[in-house]
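The values are calculated or read from the model by the stated rules, or taken from the named source; none is laboratory data. What you are looking at is a predicted structure, and each value in this text was computed from that prediction instead of being measured. Using ideal geometry, Cβ is built from the backbone for each residue, glycine included, and neighbour counts are taken over all protein chains shown. Side chains are part of the model used for accessible areas, which takes the heavy atoms of the whole protein and leaves out ligands, DNA and RNA. Shrake-Rupley method; radii C 1.70, N 1.55, O 1.52, S 1.80 Å.
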Amino acid sequence: MRKLVVTHYDNKILQAVIQDGKVTDLNLSEGSTVLGNIYVGKVANIVNNINACFVDYGDRLPCYYSLDDNDIIYADGREHTKLRIGDEIVVQISRDAVKTKNPVGSSELTLRGDYCVVHTGEQIGVSNKISSRKLRDELKDIARNTLPAGIGCIIRTNAVDADPELIKRELNELGGRLTQILKAAATRKCFSCLYRNPPEYIENITFMGSNKLDSLVTDEEIFHVFEDYIEKKQPGTIDLTLHTDTECPLTAIYNLNKEVEGALKERVWLKSGAYLIIQQTEAMVVVDVNTGKAISGRDMEQHMLKVNTEAAIETCRQLRLRNLSGIVVIDFINMKNPDDILRIRDTLIRELADDPVPAKFVDITKLGLIELTRKKLKRPLHEMVKL
């Protein structure tokens, strides 16, 4: 059973996913965010040595825009020419500002639905988690026959058991909306917001996949927002509950204050008595596994495998709770048996597959360190707490 709890926390919105009585995901958001919004922006500066520019879109910080990774969409619809300072282009904020880094803008405009992510460009893809070749081909055919010209999509894992008519309806809706956004750019003034993302706490339901949630409980102030969303998008699929007991807030019922505090600490104790040290540097996230109070039995190798397996599972959970991203390096307790190291690798791959944020196993170095990556999308939890 997967339950989503959404409540107020220190003038922000706290979202916690609880599965089998344990918190697996935390997300702290402000009431509004520019992430996912689409703007008519103006090129403020061009940096030739990194083939990039900075685009002012009306917010405090201009967004970083890579000229290597983007095909420019001029607001007036003209064909690609040499970009100049002052040009007006269409950008979507694809990554929040992180520490000293500006937000990132992209010209691959995307709109996310329950079953697909529609984008500019005609490429059609299917989630790698859908393994059936027959189903993949069928879903691609549906997309090709439904989307307007110049619009592509990625079919999400949620489409596996979905009614094809629901998928077509969503493709029609999102494809048509994206086409209208592109047309509207030519008539809107600079810094106009062409598309505003839903509140982050709503967007996260779509991001996680509403059909993966069994129930949702929330406070009175935002209950009706969820009620409207579920009624329009997925009527009857999620058990929505309104919490009205002000004397016993949701943070107390689900012990969320302690969960947030724990996710801000450097040390994380494991049931075995071992512990993790989690440190975020400018370049990467470093996780060190220590035996701590773990008492070994007669079979030392088997004991180390058990402790490292527990550490691998908890590390993946902590990455989600803290929303840590980028390069992740894990120093597990040394194991002599190569097969045991491969078992830890397989555990990590399995746990990362459940992460709604793209994350993957990379390599085992010659020093025995394990490398992972996790895509940067939003600010980590410790930064959101300080805002």
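No other residue among Tyr39, Tyr57 is open to solvent by less than 10 Å² (accessible area, probe 1.4 Å), hydroxyl-bearing (Ser, Thr, Tyr) and under 27 Å from Ser107 (Cα atoms) apart from Tyr57. Residues in the range 20-36 that are open to solvent by 30 Å² or more (accessible area, probe 1.4 Å), of a type in the set (Gly, Ala, Ser) and assigned to a strand (DSSP E or B): there are none. Residues that are touching a residue at least 12 places away in the same chain (Cβ under 8 Å), more than 30 Å from Gly368 (Cα to Cα) and part of a loop (DSSP other than H, G, I, E, B) occur at least once in the range 239-246.
So if I check each of Glu261, Glu310, which one is acidic (Asp, Glu) and surrounded by fewer than 18 Cβ atoms within 10 Å (Cβ to Cβ)?
One residue alone meets the criteria, Glu261.
Of all residues in the range 143-173, those satisfying the criterion of being crowded, with 21+ Cβ neighbours inside 10 Å, more than 20 Å from Ala75 (Cα to Cα) and among the hydrophobic types (A, V, I, L, M, F, W, C) are Ala143, Leu147, Cys153, Ile155, Ala159, Ile167, Leu171.
Tell me, which residue of the range 176-197 that is of a type outside the set (Val, Ile, Thr) and farther than 27 Å from Phe54 by Cβ is nearest to the chain's Cα centre (by Cα)?
The selected residue is Arg177.
Among the residues in the range 53-60, are any free of Cβ contacts under 8 Å to residues at least 60 places away in the same chain and of a type in the set (Gly, Ala, Ser)? Within the range 53-60, none of the residues are free of Cβ contacts under 8 Å to residues at least 60 places away in the same chain and of a type in the set (Gly, Ala, Ser). The residue of the range 113-134 that is farthest from Thr157 (Cα to Cα), among those that are buried (at least 17 other Cβ atoms within 10 Å of the Cβ) and of a type outside the set (A, V, I, L, M), is Thr120. Looking only at residues in the range 181-209 that are polar (S, T, N, Q) and touching a strand residue (DSSP E or B) at 6+ places or on another chain (Cβ under 9 Å), the one that is modelled with the highest pLDDT is Ser192. Among the residues making up the range 270-302, those that are surrounded by 14 or more Cβ atoms within 10 Å (Cβ to Cβ), over 15 Å from Ile333 (Cβ atoms) and at pLDDT below 95 are Gln280, Met284. Any residue at all in the range 257-278 that is among the acidic types (Asp, Glu), within 22 Å of Pro356 (Cβ to Cβ), in contact (Cβ under 8 Å) with a residue 40 or more places away in the chain and not in a loop (DSSP other than H, G, I, E, B)? Checked the range 257-278: at least one residue is among the acidic types (Asp, Glu), within 22 Å of Pro356 (Cβ to Cβ), in contact (Cβ under 8 Å) with a residue 40 or more places away in the chain and not in a loop (DSSP other than H, G, I, E, B).
Taking the range 96-119 as the search range and keeping residues that are of a type in the set (A, V, I, L, M) and assigned to a loop (DSSP other than H, G, I, E, B), which one is modelled with the lowest pLDDT?
Ala97
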